[in-house]
Amino acid sequence: MHHPGPPRFLSTGETTQLAPRDPDPSASYEWRVADAPPDSEATVGEQSVTNFTPDVPGRYRIGLDAPDGDHLLTVRAFAASYEGADVAGGSGTAIRDRDADHAAIDYGAERAHEGVGRPRVRLDATVEEGDEGTESAELVVRATPAPNPESALDASELAVGFVVDDRDVEEAVAEGRRNPRDALRTTEDGRALRIPADAVPDRLRVHGVAVAREPGREQRVSVADAVAVERVDRSGLAVADGTEPADPELTAPSGADGAAFETVRLNQPPEWTADATVYEVYVRTFADADEGEAFESIAERIPRIAELGVDTLWLTPVLQHDGKPHGYNIVDFFDVAEDLGDRDDYEALVETAHDHGMRVLFDFVANHTARDHEWFRDAYKNPDSPFRDRYEWQESGEPGTYFDWELIANLNHANLDVRRFLLDVIDEWAPLVDGFRCDMAWAVPDSFWRELRDRVKAKDRDFLLMDETIPYIPGFHEGMFDVHFDATLYFQLRQVGRGAEPATTLLDAIDQRAEIGFPDHAGFLQYIENHDETRYRVECGDAAAAAAGAATFTLPGVPMVYAGQEIGQRGRRDAIAWDHARDEVRERYERLLETRADHPALGPEGELERVGYHVASGDLGEHPIVASGNIHPDDVVAFRRRDGEESLIVVLNFAPDTAKVAVEADHAGHDLVTDESCVVVDGEGTERIRADEVAVVRETE
């Protein structure tokens with residue numbers, strides 16, 4: 001189907017890119033504004049891939065005449081200027097500065113969000129018995145809105161807007177079914193849609209946003225959430241009494257015959273990410289391998305990697321490249337790099353990882369090709385080249401690029417040949433792996449990422465999509481990515497390690513996720529170093545590196561270890577010095593991984609809360625009891641992590657000396673990380689937690 005995808009939620013003046021899906025580059029595609037608010041003068045372009053910018057609030061219907069028929073796309077526009085708030089990328093493409101001469105992004109800098117940011121929303125779907133007076137069971141889609149943490153509004157004061165997916169309406173009508181929009185009704189509080197079960201087509205997707213209207217402020221609109229309900233043949237699924245499906249993920253009204261329904265939260269990260277730990281491998285220096293034997297050498301080290309306790313392997317690019325060792329300048333998107341091995345070697349490496357309980361992430365590059373790519377060699381300084389329009393060009397005649405990178409050329413994603421090519425690349429590699437790490441995601445139009453997501457998730461709902469977007473963008477969790485690089489936390493960890501900021505700012509960095517509009521179900525990759533950054537210990541020292549590593553395992557998110565980090569490696573992209581590994585560093589990471597695995601409260605779904613604490617060091621018999629010497633109160637932070645099973649107190653110490661920390665909470669005296677007693681008593685009789693780099697203790701009632 002060439003339908004352009006899910007509905008868009010935009011502010012007036014925000015631009016979204018419209019593109020036919022699964023395109024045939026030789027076919028014709030024509031866009032039109034089929035319906036718009038009375039005062040609108042908004043238009044669409046004449047190209048197959050075009051842009052649309054709503055100019056007044058209201059509902060728009062955008063038409064696409066494609067080879068497989070006529071399609072309609074709903075756009076909901078809100079009168080919101082978003083002045084002073086980070087809203088880039090909602091459903092549109094304002095996040096992407098297409099000026100090839102634009103200024104570089106300040107890597108990982110904290111995002112400004114003056115004023116009150118966006119609310120948040122979560123959608124859930126169930127099948128229930130109908131209300132009194134109705135005969136049929138009903139599908140119920142409920143919205144749970146939440147105000148921005150900095151807002152004075154209560155959740156009850158937020159409005160909710162729903163849109164039924166145009167694709168499902170189109171298919172239902174084409175099959176002679178009732179239009180589900182005609183069958184739905186909204187509850188009095190506006191928080192739910194109810195649709196008779198017999199009016200639900202084979203698949204029904206519902207999208208929704210929360211809207212905050214504060215006196216004297218522009219309204220704010222959340223990142224959209226979405227749910228899908230799919231009919232499933234219930235025959236053979238029922239348990240003994242015949243009333244409920246045996247599969248716990250299926251739901252049906254009691255006593256109903258025929259179909260059951262499966263409900264899916266479309267923007268929820270795969271369940272396995274709740275306890276995942278990523279291990280990044282820079283493929284050309286990870287193993288001491290001869291030319292063409294890197295894949296085999298990496299595979300040989302898989303058992304040792306698995307013993308560490310990590311379960312997700314991110315391999316930097318493995319495709320044929322221009323000779324630069326990082327591999328991101330690709331010349332052949334359909335073949336592996338000869339210097340690493342052949343296709344069979346790569347597939348054997350993936351299989352070895354799977355055999356050891358590890359998932360594999362493919363590093364997917366969609367923004368550019370190498371200038372040595374055959375398209376670019378033909379198109380450069382050749383206006384008549386058939387490949388000319390597949391790239392962006394500056395007025396100077398040079399290709400579009402970022403950061404003055406001279407060996408790549410930005411692809412033109414408004415070109416159908418480019419989109420067709422990249423979709424074929426996805427189809428080539430996605431079946432072999434468990435997810436994509438998407439390089440430079442911020443530089444690629446969101447319409448492409450939405451199509452990628454639907455394409456891979458249709459075959460494997462557990463397929464992970466992780467974006468390298470720096471700084472992160474809340475709207476990228478709207479039908480695009482599951483887990484986002486948290487460069488803000490990374491940057492703050494560096495600041496704390498250098499002594500430039502207090503350790504409490506790490507909690508501020510976590511709070512910022514919700515403050516700028518990320519929904520609560522968004523996932524975040526937490527790291528202290530990677531192949532682009534100086535090793536943390538080189539910049540900040542061993543003591544701070546130990547605490548920073550512990551932070552990534554005790555704060556809510558998905559922790560990542562960059563190969564060599566676990567043995568005290570100092571070189572960023574140097575060959576890993578396996579023969580000179582620091583055993584005490586590896587043992588520390590093994591303990592952290594084991595502690596996190598044993599205590600889900602430390603994972604992404606555990607709550608994070610601040611606690612009061614007092615830091616001391618040295619002789620605890622002195623009065624007053626203070627931090628002295630190599631300990632400063634700003635070097636330490638304490639916080640609570642809890643879930644429904646347990647509550648934990650975590651203390652992080654970035655200083656080179658041991659800290660003794662009194663926390664305003666009752667707690668046990670056993671450190672879950674070291675498996676040793678960690679409580680000392682000061683001269684005033686107060687119990688303190690002794691922490692070298694980290695201590696985790698159970699909170700007691």
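Exactly one residue out of GLU587, GLU645 is under 14 Å from GLU693 (Cβ atoms), surrounded by fewer than 17 Cβ atoms within 10 Å (Cβ to Cβ) and of a type in the set (D, E, K, R): that is GLU587. Being crowded, with 22+ Cβ neighbours inside 10 Å, out of contact with any strand residue (DSSP E or B) (no Cβ under 7 Å at 6 or more places or on another chain) and not assigned by TED's automatic domain parsing to the domain that holds ARG304 is true of LEU592.
Need the failing condition index for SER156 against (1) in a helix (DSSP H, G or I); (2) more than 24 Å from PRO519 (Cα to Cα), just the number. Looking at each condition in turn, SER156 falls short on (2). Within region 177-193, is even one residue touching a residue at least 60 places away in the same chain (Cβ under 8 Å), over 22 Å from ARG461 (Cβ atoms) and not polar (S, T, N, Q)? The answer is no, given that none of the residues of region 177-193 is touching a residue at least 60 places away in the same chain (Cβ under 8 Å), over 22 Å from ARG461 (Cβ atoms) and not polar (S, T, N, Q). Counting only residues that are assigned to a helix (DSSP H, G or I), in contact with a strand residue (DSSP E or B) (Cβ under 9 Å, 6 or more places away or on another chain) and surrounded by 13 or more Cβ atoms within 10 Å (Cβ to Cβ), region 368-381 holds 3 of them. In region 415-447, the qualifying residues are those that are under 22 Å from ALA487 (Cβ atoms) and among the hydrophobic types (A, V, I, L, M, F, W, C), and the one that is surrounded by the fewest Cβ atoms within 10 Å (Cβ to Cβ) is MET440.
Inspection of region 451-463 finds no residue satisfying the criterion of being at pLDDT 95 or above, buried (at least 24 other Cβ atoms within 10 Å of the Cβ), in contact with a strand residue (DSSP E or B) (Cβ under 6 Å, 6 or more places away or on another chain) and not charged (D, E, K, R). Taking the numbered list (1) at pLDDT 95 or above; (2) assigned to a strand (DSSP E or B) in turn, VAL127 passes all entries but (1).
Just a yes or no: is a residue in region 315-333 within 23 Å of LEU593 (Cα to Cα), assigned to a strand (DSSP E or B), touching a residue at least 40 places away in the same chain (Cβ under 8 Å) and among the hydrophobic types (A, V, I, L, M, F, W, C)? Checked region 315-333: at least one residue is within 23 Å of LEU593 (Cα to Cα), assigned to a strand (DSSP E or B), touching a residue at least 40 places away in the same chain (Cβ under 8 Å) and among the hydrophobic types (A, V, I, L, M, F, W, C).
Picking from residues in region 162-185 that are assigned to a strand (DSSP E or B) and modelled with pLDDT of 95 or more, the one that is surrounded by the fewest Cβ atoms within 10 Å (Cβ to Cβ) is PHE162. With respect to VAL223, is the statement that it is β-branched (Val, Ile, Thr), surrounded by 22 or more Cβ atoms within 10 Å (Cβ to Cβ) and in contact (Cβ under 8 Å) with a residue 60 or more places away in the chain true? Here the answer is yes, as VAL223 does meet what is asked. For region 189-218, taking the residues that are over 30 Å from the mean Cα position of the chain (by Cα) and under 21 Å from PRO119 (Cα atoms), the one that is surrounded by the most Cβ atoms within 10 Å (Cβ to Cβ) is identified as ASP189. Taken over region 345-363, the criterion of being outside any helix (DSSP H, G or I), touching a helix residue (DSSP H, G or I) at 6+ places or on another chain (Cβ under 8 Å) and under 24 Å from PHE485 (Cα atoms) is satisfied by GLY357, MET358, ARG359, VAL360, PHE362. Scanning region 675-693 for residues that are outside any strand (DSSP E or B) and within 26 Å of TYR589 (Cβ to Cβ), we see that the one that is farthest from the chain's Cα centre (by Cα) is CYS678. Screening ASP363, ASP344, ASP384 for residues that are under 30 Å from TYR279 (Cα atoms) and either surrounded by fewer than 18 Cβ atoms within 10 Å (Cβ to Cβ) or over 25 Å from the mean Cα position of the chain (by Cα) (or both) leaves exactly one candidate, ASP344. Looking at region 367-382, I want the residues that are among the aliphatic types (A, V, I, L, M) and have a partner that is modelled with pLDDT of 95 or more and in a strand (DSSP E or B) with Cβ atoms under 7 Å, at least 6 apart or on another chain. Which pairs are those? From region 367-382, the pairs are ALA370/HIS321; ALA370/ILE330; ALA370/VAL331; ALA370/ILE408; ALA379/TYR391. Residue count for region 287-308, restricted to those that are closer than 18 Å to GLN320 by Cα and in a loop (DSSP other than H, G, I, E, B): 5.
The values are calculated or read from the model by the stated rules, or taken from the named source; none is laboratory data. Please read all numbers here as calculations on a predicted model, not as lab measurements. Don't worry about glycine lacking a Cβ; one is built from the backbone with ideal geometry, like all the others, and counts go over all protein chains shown.
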